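Here the structure is laid out as structure tokens; the discussion comes afterwards.
Taken together, the values in this text are just the output of simple stated rules run on the coordinates, not laboratory data. Small disclaimer: the values here were computed from a predicted structure and weren't measured. A quick note on method: Cβ atoms are made from the backbone with ideal geometry, for glycine too, and the neighbour counts reach across all protein chains shown.
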Amino acid sequence: MTAVTLTTDLPPLAARPWWRQWGALRHVARLRAAAMFAYRNTMLLFLGVSIVQIFMLKKVWGALYAARPGVLAIPLADLIVYLTIANLIVWSFPTQIVSRYLRERIREGSVVFDLVRPVGFVPQLVAQLVGTLGGALLIIVIALPVVALAGSLSLPVGAQAAGMFAVSLLCAYGIAGLLSMMLSMVAFWTLEIDGLTMLYVLVASFLSGALVPVAVFPGALRTVVEWLPFQATTYVPASIYVGSLAGPEAWRAIGLQLAWVVILGLAAALMWRRAMRRVVVQGG
Amino acid sequence: MIRVEGLTKEFTRPKRQTGHFAGLRTMVTREVERTTAVDDVSFDVQSGEMVGYIGPNGAGKSTTIKIMTGILVPTSGTVEVGGVVPWKDRQRNALQIGVVFGQRTQLWWDLPLKDSLDLIATLYRMPPELYRKQFDRFVDMLDMAEFLDRPVRQLSLGQRMRGDLAAAMLYQPRILYLDEPTIGLDVVAKATMRDFIEEVNREHGTTVVLTTHDIADVERLCSRVILIDHGRVLYDGTPAELKLRYAPHRTLIVRVAGDGEQTDPMTDADVAAFGAEIVPDDGADPDLVRLRFEGGRTAASDLIAALAARYSIADVSIVEPDLEGVVRQIYLRQGLPE
């Protein structure tokens, strides 16, 4: 043991709102991304599955178009780009990593540590989501050539489309993030969200339009899908990218995305308040 | 530093139904069961004090700690920690406390230990040079250099606990809550932890609330014990006073010189004058006599001198009452002896 004596004790720190804690939040996000790379083999496996899916979609839709030319209004080449982009968007935000982590923390009670941090729990959660996004995007950039080969990639149809795509994509990530946060918070009540997560992934991947463009859905289903937030996480930005959604219609879709961000944001805040009132920490 | 007054915490949960469709009926029932985990608990802790907060499993210790850290909101009562109501002002409270829950870890499971410590330094806004100093010092004191770069999931329990302790104290919190910090550790690791806690307390005047089932932790570290059971405070005072009050007897073991000469066996009447009594034993060794006496009333030296004057004594030893025995009795009886 050393006899180093510290003469300077820390002065008492003042509380700060989350927007003045960028450093801390950035650090949380960075650690989350680093933790993803600790399991890079799993991540690569998931990416591989996604690439295979893109490839299969290309083959299936190619066969369909060959059998019935003009089955959809959108040209086949654009459709393949759409499907590639849509699947990349889904894959680039693996929110289930954060929900699984949180479920684990809640179930074994170590969530106590997240609750006694000088940075709020919700900002920490958002930072973690941003971290997964960053980590996944990094992997995607590396894998892009393979993805392009499996599916098909091209630049956005124009400068305006590129700008709108960027805005729409941001909203899409916001919506997906909020949905996953609400899903994770369910664990505060049920302690178990595995089944729910599976259901969510299944429903969301279909209704988001990552397999079949939402425009193809038949009447009633399409109406339902348009009233759900899932298509706003994938279909909208991917359609803007390939130009099948453009002009005022695209702006309207982005407006709707923003509305979803607000609605889900409020709902998540309400849920969080209720969760905090009934938080039960597991174990003695 | 810490003021707890009339603290009560009730938990409610749906009443578990029995009989047909019990599971389903449990889910839909509106009937609730109430359990009182903490029942009208009050105490004050002064700045720089080390308090052992002990009690049997399920006594309400962890619930109290969780309220003091701001995680749980009490049903009634007030708590003030360093001038802050913990659950109302979580962030300000968080900045002044460090927490160890021995059965859980605050470290990032998949990342090297050092990464977690780095993050904590950022979260608590430590100036870089102070962090470096603290870091080097803790790595040295807790002997962590060897496993700093290993992912936490690969650490042994002892190593992980050292990491957790370092994480809780790195930013020099004014108050430290240690909930079973030595659980599952071997004797050497326990000693390391205790030395470390003691040194931090001595150097920075850190206030420590220690929950443990290892009474040796309390004897080694705490100048005060608060004993609770069924959510109520049973005792609040020094460990010595606890022993004196509930196990006042010391035992003097005397070996009478067996030099062939037949001496009269000692009787109660012989020793009663010195305020002692003979502890009955199985008589296997007739030369060995156990005398019980009250430490507060009779000095051991007087007793020995008086005995030596009448008997030829080969050897004496004194057995002190141990705190663990006292605590065990209280737990078993589920209440204080009157």
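Averaging over all projection directions, the Cα-based convex hull of the range B:46-243 occupies 11.1 nm² in the image plane. Between the range B:1-20 and the range A:35-49, how far is it from one alpha carbon centroid to the other, in angstrom? Here the answer is 43 Å between Cα centres. Stokes-Einstein diffusion for the range A:152-242 at 4 °C, viscosity 1.567 mPa s, with a Kirkwood radius from C-alpha pairs, works out to 90 µm²/s. When the Cα positions of B:Gly231, B:Ala314, B:Thr267 are compared along the charge dipole of the range B:209-322, B:Gly231 comes out farthest toward the positive end, with charges on each C-beta of Lys, Arg, Asp and Glu. Principal-axis analysis of the Cα atoms of chain B puts helix B:300-310 at an angle of about 20° to the longest axis. DSSP beta bridges confined to chain B are antiparallel in about 70 percent of cases. A simple charge model with +1 on the Cβ of Lys and Arg, -1 on the Cβ of Asp and Glu and nothing else charged puts the dipole of chain A at about 340 debye relative to its Cα centre. Here's the picture: charge each Lys and Arg Cβ at +1 and each Asp and Glu Cβ at -1 in chain B, and of B:Gln172, B:Thr192, B:Gly83 the one pushed furthest to the positive end of that dipole is B:Gly83.
Could you work out [θ]222 nm for chain A from helices alone, using -39500 (n - 2.57) per DSSP H run of at least four and dividing by all its residues? Round to the nearest 500 deg cm²/dmol. The per-residue figure over chain A is -23500 deg cm²/dmol. Grab the beta carbon distance between B:Thr12 and B:Asp140, set R0 = 51 Å, and tell me the FRET efficiency rounded to 0.05. It comes out at approximately 0.55.
Here the ratio of the Cα radius of gyration of the range B:249-320 to 2.2 N^0.38 Å is 1.02. Placing +1 on the Cβ of every Lys and Arg and -1 on the Cβ of every Asp and Glu, with no other charges, gives chain B a dipole of roughly 2120 debye about its Cα centre. The Rg/Rh ratio for the protein assembly as shown is 1.14, where Rg is the radius of gyration of the alpha carbons and Rh is the Kirkwood radius. Helices meeting the span-like rule in chain A (full DSSP H runs, Cα extent of at least 30 Å along the helix axis, mean Kyte-Doolittle score of 0.5 or higher): A:40-67, A:121-150, A:159-185, A:247-277. Seen against the Cα atoms of chain B and their longest principal axis, helix B:187-204 is set at about 70 degrees.
In this structure, the pairs whose alpha-carbon distance is over 30 Å, taken from B:Lys15/B:Lys61; B:Lys88/B:Lys114; B:Lys15/B:Lys190, are B:Lys88/B:Lys114; B:Lys15/B:Lys190. Dividing the summed -39500 (n - 2.57) terms of all DSSP H runs of n ≥ 4 by the residue count of chain B sets its mean residue ellipticity at 222 nm at -10500 deg cm²/dmol.
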